[in-house]
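Here's the structure we're looking at; comments come further down.
The values are calculated or read from the model by the stated rules, or taken from the named source; none is laboratory data. Note that the structure is predicted; figures quoted are calculated from it, not measured. Ideal geometry is used to build each Cβ from the backbone, glycine not excepted, and the neighbour counts take in all protein chains shown.
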Amino acid sequence: MNTFNRRSLIKAFALGGAVAALAPLARLASAQAMQRPMPVGKLATNYIIHNDQPWALETLRSAFGVAPITPQSAFFVRNNLPTPDESIVANADAWRIEVEGAQRSGSITLEELKALPVHIEAAVLQCSGNGRAYFPHNPSGSQWATGAAGCALWTGVRVSDVIAHFGGPSDGKLFVTATGAETLPDGVDPSQVVVERSVAIDKGLQDCLLVWEMNGAPLPLVHGGPVRLLVPGYFGVNNVKWVKTLALTEVETGASIQASSYRFRDIGESGSPAHPSMYRMPVKSWLNGPGADDTSVIPGANTLHGVAFSGERGIDKVEVSADGGQSWREAQLVGPDLGPNAWRSFVLPVELTLGKHRYVSRATDRAGDTQPRDAIPNHRGYGHNGWNDPALEIDVVAAHSRAASVGNAASATPVAAGVQALDSSVALSPLAAQGREIFMGKAQPNCTVCHTLSDAGSAGAIGPNLNTLQPTVEQVFAAVNQGVGAMPAYEAQLSEAEMRALAAYVAEATSG
Ligand code: HEC
């Protein structure tokens, strides 16, 4: 990864500002103006950019169409570690996967995989943290609202056929374990950061696929191309990208991302294998329009639209309420039913008068489960499926007043603030000065290994550039205490006071 360069960063801030000015709807709020060019095929105006390293791109609510397939240009991205080199998709057919735990061990290339029986599955991918922004206890990690989800057509071969190709499962295997090919940072225990996940062997051999196409095109690098695992109906993290090893194993992997991360637990608890892993996605729905992200809505007859899904189950019905759930009207499921792991589009005709409206949707799946009003609070803000929080707020305004308000928003671009933040040298408080020592010294692995922070002179490129991210004290404390994605937790190693000092340091050293 290239080293930190102030001039190009300032240019990128200016560019980010220009893009934002052209498209005021694309979330001016993200002070982290775009620093790196968007991944191939991605349209910046479709996203809220939470992070550019590793990529965390949320689909704007207004960028979802009514039809049930999400185009690649708008499909969300959530990577745990930096994307591998582009060269691996240039020569995709040569991609080689090691297969272990079958009667015969060996390896298979993408070219050879393509000779096995082909399957196409329509499936939703959704980040475990989708809806995290709605939890009131500020869980660490990207603050996704509704858009860390998308539905695509995936082309590939069954894991069961791949295993059969190697003589079938060997005895005593209980899990299918996949490992991603991300480059891991030097000097860090690989099991702390590697993206390696296990699912029960029954699930793995029943309907999981190794896929190389997304919506009929070669799987893009940023989505795990040349080959990723598809675990239909399960949360995103299980769908390992850039699969380099596919193994049948007797036990779940001990990698942190399986053993302690992505575990559903009470607020304040550390994750462990005793807590449920983020596997099947529960029933969920939300409305996408019209009027999301302050897009214009004409008064009078309109059609509400949204999406509903439930992992492995499919949708029975969706209801919509305009009065906070006191009364419900059944929406119409529309378009093709693409199977139990896809999402279903729904519509409802409404009359919209001038003024504010608030609509919610509530889905029931084919097993009879209905979305609850409120999601279950949990430490990391996973699995949000409450119907109340993601309400669609529509403001129907007359055309001339709309033009005025958009003009105001556009002038509030974050360009100047971003540049100023970089130029001001910061005087640290005594607490922050202590934190600086910990950042550069005591914390093991060292923060500098993975993060860029100009005050500390570090240029790590595994995690977000902290100068760009400008995290709050609370955000740093939560990240260090609990870990986030591939970042290790430090709670066992640092005292609360040390973590407070670290948080003060990162926040002060990066604030404008
Ligand atoms: C092994 C690499 C690694 C080390 C070491 C590391 N981080 Fe991180 N850090 C990451 C990655 C990767 C992310 C992005 C996590 C994600 O969003 O999936 C991250 C995210 C963060 C965030 C953003 C959290 C958020 O809310 O989005 C902060 C703040 C942070 N790290 C601070 C630190 C500090 C302080 C240290 C030292 C105690 C540290 N990191 C050590 C890899 C690392």
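Table for the structure above
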{"quantity": "Flag for residue 70 being farther than 22 Å from residue 183 by Cβ and in contact with a Gly (Cβ under 7 Å, 6 or more places away or on another chain)", "calculated": "yes"}
{"quantity": "The lone exception for residue 345 - which of (1) free of Cβ contacts under 8 Å to residues at least 60 places away in the same chain; (2) assigned to a strand (DSSP E or B); (3) of a type outside the set (Lys, Arg) it fails", "calculated": "(1)"}
{"quantity": "Of all residues making up the range 451-468, the number that are within 6 Å of the ligand (Cβ to nearest atom) and out of contact with any strand residue (DSSP E or B) (no Cβ under 7 Å at 6 or more places or on another chain)", "calculated": "1"}
{"quantity": "Test: residue 323 is closer than 20 Å to residue 385 by Cα, exposed (fewer than 15 other Cβ atoms within 10 Å of the Cβ) and at pLDDT 95 or above", "calculated": "yes"}
{"quantity": "Check on residue 307, among the hydrophobic types (A, V, I, L, M, F, W, C) and assigned to a loop (DSSP other than H, G, I, E, B)", "calculated": "no"}
{"quantity": "Criterion (within 19 Å of the chain's Cα centre (by Cα) and crowded, with 18+ Cβ neighbours inside 10 Å) met by exactly one of 209, 205, 248, 219", "calculated": "219"}
{"quantity": "Unmet criterion (only one of (1) in the same structural domain as residue 160 (by TED's automatic domain parsing); (2) within 13 Å of the chain's Cα centre (by Cα); (3) within 16 Å of the ligand (Cβ to nearest atom)) for residue 53", "calculated": "(1)"}
{"quantity": "Unique match (being in a loop (DSSP other than H, G, I, E, B), surrounded by 19 or more Cβ atoms within 10 Å (Cβ to Cβ) and touching a residue at least 60 places away in the same chain (Cβ under 8 Å)) among 254, 187, 271", "calculated": "271"}
{"quantity": "Inter-residue pairs, beta-carbon under 7 Å, first within 11 Å of residue 360 (Cα to Cα) and in the range 387-399, second buried (at least 19 other Cβ atoms within 10 Å of the Cβ) and among the charged types (D, E, K, R), 6+ apart", "calculated": "387/362"}
{"quantity": "Residue match in the range 459-473 (condition: surrounded by fewer than 17 Cβ atoms within 10 Å (Cβ to Cβ), at pLDDT below 95 and under 26 Å from residue 288 (Cβ atoms))", "calculated": "no"}
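Here is a yes/no grid of residues against (1) closer than 26 Å to residue 202 by Cβ; (2) surrounded by 14 or more Cβ atoms within 10 Å (Cβ to Cβ):
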| position | (1), (2) |
| --- | --- |
| 79 | no, yes |
| 94 | no, no |
| 100 | yes, yes |
| 126 | yes, yes |
| 143 | no, yes |
| 159 | yes, yes |
